[in-house]
1. From the list ASN331, ASN361, ASN316, which residue is modelled with pLDDT of 85 or more and either out of contact with any Pro (no Cβ under 9 Å at 6 or more places or on another chain) or under 23 Å from LYS451 (Cα atoms) (or both)?
2. Given the criteria within 19 Å of GLY86 (Cβ to Cβ), in the same structural domain as ILE83 (by the TED database) and either not in a loop (DSSP other than H, G, I, E, B) or not hydroxyl-bearing (Ser, Thr, Tyr) (or both), does ILE71 qualify?
3. Any residue in region 1-20 that is assigned by the TED database to the domain that holds GLU41 sitting within a Cβ distance under 7 Å of a residue that is of a type in the set (D, E, K, R) and in a helix (DSSP H, G or I)? List the pairs, counting only those 6 or more apart or interchain.
4. All but one of (1) outside any loop (DSSP other than H, G, I, E, B); (2) modelled with pLDDT of 85 or more; (3) small (Gly, Ala, Ser); (4) touching a strand residue (DSSP E or B) at 6+ places or on another chain (Cβ under 9 Å) hold for ALA96; state the number of the condition that does not hold.
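The values are calculated or read from the model by the stated rules, or taken from the named source; none is laboratory data. Only a predicted model underlies this, so the values are computations on that prediction, with no experimental measurement involved. All Cβ positions, even for glycine, are placed from backbone atoms using ideal geometry, and neighbour counts span all protein chains on display.
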Amino acid sequence: MNDQVTILCLEDDEMDYSLITHILDQSEFNLSCSRIQTEEEFRHALQHDQLDLILSDHNLPAFSGLKALRILREYDTQLPFIIVSGSIGEENAVNAMRQGANDYILKDNLKRLLPAVEREISEYKSKKIQRENRKKLIISELKYSTLAESIQEVFFAFDHDLKLTYWNKTAKSIFQMDNVLGRHIHEIFTEWGHNGAVSVIREALDTNTSRPLTLNHHLKNKEFFRGKIYPCVDGGTIILRNVTQEKQQKDELLKLNNELETLLYRISHDLRGPVASVQGLLNLSEHDPDYEHKTFIGMMKFNMSRLDQTLFNLLNITKIKSKSQDLDQFNVYKKLQEITQSLVFLKGYENVKIKIDIDKNIELYSDPAIFDSVWQNLLENTIKYQKEGQVNNVTVRVEKQDTMLTFSISDTGQGIRRDVRERIFDMFFRGNEGSCGSGLGLYIVRSALGKVDGTIELDHRYTKGARFRVHMPQLSTKKMEVPKRLIYDH
């Protein structure tokens with residue numbers, strides 16, 4: 001044991017000090033001993049010297065061992081202190097031990113001195129190493145914690161059994177979970193076992209190789225995360241970044257690209273078809289003077305009407321896509337009444353009975369033009385898709401829920417076939433190929449609602465025709481009056 005051990009001896013008798021040092025020289029420790037006699041010297045040594053043990057006589061001319069003990073404990077509560085005295089007395093010895101002395105040795109029994117010194121030095125060194133290691137660990141953990149908490153992304157650590165050992169504030173905030181430490185990853189994120197994430201984590205640990213990780217998590221809505229697994233000695237760490245918005249933007253871009261491709265195809269098909277028909281009729285009339293002009297004029301009018309309607313709908317889509325919100329507060333009942341009145345000249349209107357069964361004073365703070373576009377298309381569809389020879393009964397209702405208005409529009413018309421229901425909101429989709437519609441109506445409705453944070457859904461349980469639910473939020477914090485009911489029939 002080559003590390004030097006520094007011992008301070010409070011002793012006024014030169015011969016006793018020589019005897020003590022002679023005994024200490026027999027130690028396997030590399031001991032260095034120095035002697036002092038006064039309180040001033042003692043305090044100076046405590047402040048300036050690196051000490052490992054103190055030996056003190058009980059009685060000194062201007063000082064005492066008990067006072068030295070009290071002074072020491074003010075500076076250091078761990079440094080070993082052994083009283084070496086000729087006549088301490090049992091009561092004083094017990095008192096000294098209570099005040100923090102580690103042992104007492106009688107000068108007429110110094111054979112106990114060396115074992116006591118070596119024992120106390122060994123324990124002190126061991127405890128000192130433990131304290132230093134604990135301090136290093138605390139500092140390391142603080143640095144680790146500070147670093148982890150400074151990371152804006154999700155950060156958590158786990159052991160080789162995949163049990164969490166650390167969970168930063170960002171993770172706690174995003175996943176909204178407490179008391180996760182010590183729990184298995186699969187227990188916290190049950191869906192990770194199904195999507196293969198746990199297998200990827202285990203493989204990263206087994207191969208000691210960092211791996212990319214992409215996964216999802218269910219809260220109110222599905223959220224998507226992308227990050228990396230980093231194996232380490234104690235297990236591993238994961239850093240994740242929320243990429244939900246990026247994924248939504250990417251999906252929206254793909255959707256827009258698909259719609260653009262569909263649009264280009266339909267422009268060549270739906271627009272060129274009527275034009276080609278008109279050109280053919282004109283050529284026919286040019287070469288056949290006996291051809292019934294009235295007939296081909298009617299056919300041209302029909303084709304040009306289809307062309308005009310398609311162009312109108314495409315223009316409507318363009319306006320909706322590029323439109324910014326122009327918000328205003330308006331009366332829902334009056335708006336629906338105006339839209340209904342605007343449809344009276346449509347073919348088939350006389351066979352439709354529209355009932356607006358809503359509270360007449362309900363106000364909506366939204367975009368009036370968007371509202372008009374939505375309900376113009378929905379009500380037009382009830383006229384287009386009625387059953388031949390039957391009256392189509394149409395009912396519009398609304399429920400007010402906090403800051404949301406939920407409309408329902410139901411009819412007793414043709415309904416929508418079960419096999420096409422998932423596609424009815426797609427651009428240019430026609431549920432019936434024999435339909436005279438452009439296949440843009442419900443696409444326009446959904447696109448328009450998206451501009452005001454609204455949604456539309458088909459009621460799959462309704463069997464008498466078709467029923468849609470339309471959700472439109474109040475885009476203002478204004479409180480609307482709860483109104484009285486009025487039923488309007490056209």
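1. Details: ASN361 fails: either out of contact with any Pro (no Cβ under 9 Å at 6 or more places or on another chain) or under 23 Å from LYS451 (Cα atoms) (or both); ASN316 fails: modelled with pLDDT of 85 or more.
Answer to the check: ASN331.
2. Working: within 19 Å of GLY86 (Cβ to Cβ): no; in the same structural domain as ILE83 (by the TED database): yes; either not in a loop (DSSP other than H, G, I, E, B) or not hydroxyl-bearing (Ser, Thr, Tyr) (or both): yes.
The answer is no for ILE71.
3. Qualifying pairs under 7 Å: ASP16/LYS107.
4. Result: ALA96 fails condition (2) only.
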